[in-house]
Amino acid sequence: MRRRLLFLAVGVLLAVAWPVAAQQRVFLSLATGGTAGVYFPLGAALAELWSGRVPNVQVTAQTSGASVANIRLLQRGDVAIAMVQNDITYYAFNGIEMFMDRIANQPAPVATLRGMAMLYPETIQVVTLRSKNINSIAELRGRRIAVGAPGSGTEVNARQILRMFELGYYNTRPDFLNFAEAADQVKDGVVDAAFITAGHPTAAVQDIAASRDLKLLPVPREVVEQLRVQWPYYTAVTIPANTYRGQTEAVDTVAVMAMLVTRQDVDEALVYSLTRTMWENVDRLRAAHARGRDVTTATARRGMPITMHAGALRFYREFGIR
Ligand code: GLU
């Protein structure tokens, strides 16, 4: 009898203790961008949502140099999830452009990257002040330009777009500034223009418009066509009039897509829960930033440039999301 009781007690203890041990808290980092962009506020909302709704998971949104830097953080295992531009994700997965090994002169793919979701369009905004009397990107020759933080997707976009106007870092004066620094230096007239790749309206651009007469320089449609020949992830978009204070006319430019990227070795069940929780509470993202409205299941898989993570794929299949 005693013995049986003992077995029972041990059995009960095991049944209770095992799941507790298996459910140790998991701490994850989500790499975003600078504080004056859109990745950070949306990423912070996402981290809060995940921490609150996925059992035993604590997610922290961290600031970073954005897209290219975020790929490196994922690659090194410093973060499990990151917000990244689709063009940069594609280059990384295939080992092209800045992910070429220049010394060996061969692709250095980051093959462990896996997609979770496509998010919202990020507009390439070329911002100057009216008082600078600059009317086109071509007129930026010899000028001081904020081209994005080191390791940002913005910086890659700036380089590619400048190239269409026969401009580059050899005939302009580039400054590698994050959005907040760029906004300050545009306001002070230190830099003549700034490239900002982020969902509009972007806090950094709103900040300039609040105290100065800003001007957005267009990327004309014929240039978009040329750009797309080499880099097909660019799509034509128009920034509507009055997106920013004092911006009375609509401006043509290009956009890329923001997406959520993880790594192949991140647990399948965990990615499933994160993906499911995000889509079941997507209204929270809508409250965090205007572009949250573009984050929908209808476009979650559209144009995904890399292999989907197995956990995310299971969610999309179960819920009939194509
Ligand atoms: N897309 C930008 C980049 O990778 C960051 C945008 C943001 O911070 O909202 O450079």
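Under 10 Å, Cα contacts only: if you run a Gaussian network model on the chain, which one of N133, N105, N281 comes out with the highest mean-square fluctuation?
N105
P(r) tail for the chain, what percent of Cα pairs lie past 32 Å? Mind showing how you got there, number by number?
Numbers: 16793 of 51681 pairs.
The share of Cα pairs beyond 32 Å in the chain comes to 32 percent.
Would you look at the GNM of the chain, springs on alpha carbons closer than 10 Å, and say which of I306, I103, I239 moves the most?
It is I103.
Under the Kirkwood approximation for Rh and a Cα-based Rg, what ratio Rg/Rh is obtained for the range 157-288? Each step should come with its number before you reach the end.
Numbers: Rg = 18.1 Å, Rh = 17.4 Å.
Taking Rg over the Kirkwood Rh, I get 1.04.
Using Cα springs under 10 Å in a Gaussian network model of the chain, which residue among Q106, Q185, Q206 shows the largest mean-square fluctuation?
Q106
Given N residues in the range 96-135, what is its alpha carbon radius of gyration divided by 2.2 N^0.38 Å?
On the way: Rg = 18.4 Å, N = 40, 2.2 N^0.38 = 8.9 Å.
In units of the globular-protein estimate, the range 96-135 measures up at 2.06.
How much accessible area per residue does the chain have, in Å², with a 1.4 Å probe?
Numbers: 14810 Å² over 322 residues.
Here the residues of the chain average 46 Å² of exposed surface.
Could you tell me which residue out of I161, T63, L129 lies farthest along the dipole of the chain toward its positive end? Charges go on the beta carbon: Lys and Arg +1, Asp and Glu -1, centred on the Cα centre.
T63
Spelling out what I want: for every residue of the range 32-40, take phi, set θ = phi - 60°, compute 6.51 cos²θ - 1.76 cosθ + 1.60 (Karplus), and round to whole Hz; glycine and proline get x.
10, x, x, 5, 8, x, 10, 3, 5
Mind giving me the FRET efficiency for E318 and T63? R0 is 25 Å, r the Cβ-Cβ distance, nearest 0.05 is fine.
Working: r = 34 Å, r/R0 = 1.35.
Between E318 and T63 the formula returns 0.15.
Can you list the residues, at least 5 places off or on another chain, whose amide H is less than 5 Å from the amide H of I306, using H built in the peptide plane?
none
Can you pull the percent of Cα pairs in the range 265-312 with separation above 14 Å? Numbers along the way, then the final one.
Details: 657 of 1128 pairs.
Considering the range 265-312, 58 percent of its Cα-Cα pairs are separated by more than 14 Å.
Pull up all non-local amide H partners of R114: gap of 5 or more, or a different chain, and H-to-H distance under 5 Å with H placed in the peptide plane.
Placed amide hydrogens put T262, R263, Q264 under 5 Å from R114.
How big is D for the range 72-160, in µm² s⁻¹ as a whole number, if Stokes-Einstein is applied with the Kirkwood radius of its Cα pairs at 10 °C and 1.306 mPa s?
Working: Rh = 15.4 Å.
The diffusion coefficient I find is 103 µm²/s.
Which Cα, out of G142, V191, L274, lies furthest along the positive dipole direction of the chain (beta carbon charges, K/R +1, D/E -1)?
Checked the options; the winner is L274.
Which value, in Å to one decimal place, does the Kirkwood hydrodynamic radius take for the range 103-211 when every pair of different Cα atoms is included?
On the way: mean 1/r = 0.0667 Å⁻¹.
One decimal place: 15.0 Å for the Kirkwood radius.
The values are calculated or read from the model by the stated rules, or taken from the named source; none is laboratory data. Not measured: the values here are computed from a predicted model. Don't worry about glycine lacking a Cβ; one is built from the backbone with ideal geometry, like all the others, and counts go over all protein chains shown. Protein only, heavy atoms only, side chains kept; ligands, DNA and RNA dropped before computing areas. Shrake-Rupley method; radii C 1.70, N 1.55, O 1.52, S 1.80 Å.
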